[in-house]
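Chemist: Right, I'll just put the structure down here and ask away after.
The values are calculated or read from the model by the stated rules, or taken from the named source; none is laboratory data. This one's a predicted model, so the numbers in the text were calculated from it and none came from an experiment. Glycine also receives a Cβ, built like all others from the backbone with ideal geometry; neighbour counts cover every protein chain displayed.
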């Protein structure tokens, strides 16, 4: 398991290669890369700055990884989230999940991403032509996380 | 009791501080929020009933009725927007 918060870019290929290096029990690796967009809520975005809560961030991400491991038979998980100032097109977040079969890898990858959006203490501030603004949380993100709850 | 309180993102900017040490006579997170609201201005606005904010105690998000332990690190921040 690998959980990292960093300002530097990451390399998806290198991370996936590291997960599978030296082992032959992995049948599937599903990965998600989130990118900084040049447009949000009707305004052009020239750059964004990501702030986080050091300590709690790592703790929250570790809990998501533990929850995914408890829910599915997984072989490895990598979560990397960037902080600092990012430009449109820059990668923000990577979630990669290795498992024996594709079903668990796809599901766990989406599960971690959905809860990361609502549980991990990161905040985005955008630079737009109208000035800087903090991104508001979206109800659709809460709904995406809620669909994983088991009755 | 003494609390270390940390603010993030929009709340840090509106309150004009990243953290403070506070002598606190109440019991719960709600008591703390009420004590901060009394400061007026941005404190009263941002922490008003119906405004969306989160409270974490020792790095776990809690409900407002949670009791605060002495010496706790209490963080108050807007709903998160990472990913």
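Chemist: Applying the selection to region A:70-91, what residues are in a helix (DSSP H, G or I) and either within 14 Å of chain B (Cβ to nearest Cβ) or touching a residue at least 40 places away in the same chain (Cβ under 8 Å) (or both)? Steps first, please.
Modeler: Going through region A:70-91, the residues in a helix (DSSP H, G or I) turn out to be A:70-71.
Result: A:71, single match.
Chemist: Taking region A:92-101 only, how many residues are more than 12 Å from chain B (Cβ to nearest Cβ) and either out of contact with any strand residue (DSSP E or B) (no Cβ under 8 Å at 6 or more places or on another chain) or not in a loop (DSSP other than H, G, I, E, B) (or both)? Steps first, answer last, please.
Modeler: As a first pass, look at region A:92-101 and keep what is more than 12 Å from chain B (Cβ to nearest Cβ): A:96-101.
Now restrict to residues that are either out of contact with any strand residue (DSSP E or B) (no Cβ under 8 Å at 6 or more places or on another chain) or not in a loop (DSSP other than H, G, I, E, B) (or both): A:96-99.
The total comes to 4.
Chemist: A follow-up question, please. If I ask for residues that are outside any loop (DSSP other than H, G, I, E, B) and at the interface with chain B (Cβ under 8 Å from one of its Cβ atoms), which ones from region A:127-138 would you list? Walk me through how you get there before you give the answer.
Modeler: As a first pass, look at region A:127-138 and keep what is outside any loop (DSSP other than H, G, I, E, B): A:127-128, A:131-134.
The answer is A:134, and nothing else.
Chemist: Counting only residues that are at negative phi and either in contact with a helix residue (DSSP H, G or I) (Cβ under 9 Å, 6 or more places away or on another chain) or at pLDDT below 95 (or both), how many does region A:40-56 have?
Modeler: 4
Chemist: Let me ask something else. Please work out which one of (1) within 12 Å of another protein chain (Cβ to nearest Cβ); (2) surrounded by fewer than 19 Cβ atoms within 10 Å (Cβ to Cβ); (3) part of a strand (DSSP E or B) is the condition residue B:12 fails and give its number.
Modeler: The number of the failed condition is (3).
Chemist: Okay, next question. Looking for whichever is in a helix (DSSP H, G or I), surrounded by 11 or more Cβ atoms within 10 Å (Cβ to Cβ), modelled with pLDDT of 95 or more and over 15 Å from the mean Cα position of the chain (by Cα) here; the options are A:18, A:14. Which one fits?
Modeler: None of the others qualify; the one that does is A:18.
Chemist: Here is a follow-up. Suppose we filter A:124, A:113, A:59 for residues that are at the interface with another protein chain (Cβ under 10 Å from one of its Cβ atoms), crowded, with 22+ Cβ neighbours inside 10 Å and either modelled with pLDDT of 95 or more or outside any helix (DSSP H, G or I) (or both); which single one remains?
Modeler: Testing whether each residue is at the interface with another protein chain (Cβ under 10 Å from one of its Cβ atoms), crowded, with 22+ Cβ neighbours inside 10 Å and either modelled with pLDDT of 95 or more or outside any helix (DSSP H, G or I) (or both) leaves just A:124.
Chemist: Go through B:65, B:70 for me and flag whichever is touching a strand residue (DSSP E or B) at 6+ places or on another chain (Cβ under 6 Å), part of a loop (DSSP other than H, G, I, E, B) and exposed (fewer than 15 other Cβ atoms within 10 Å of the Cβ). Steps first, answer last, please.
Modeler: Details: B:70 fails: touching a strand residue (DSSP E or B) at 6+ places or on another chain (Cβ under 6 Å).
None of the others qualify; the one that does is B:65.
Chemist: Something else: Considering every residue within region A:4-26, establish whether at least one is over 17 Å from residue A:113 (Cα atoms), in contact with a helix residue (DSSP H, G or I) (Cβ under 7 Å, 6 or more places away or on another chain) and touching a residue at least 40 places away in the same chain (Cβ under 8 Å).
Modeler: Yes, region A:4-26 contains at least one residue that is over 17 Å from residue A:113 (Cα atoms), in contact with a helix residue (DSSP H, G or I) (Cβ under 7 Å, 6 or more places away or on another chain) and touching a residue at least 40 places away in the same chain (Cβ under 8 Å).
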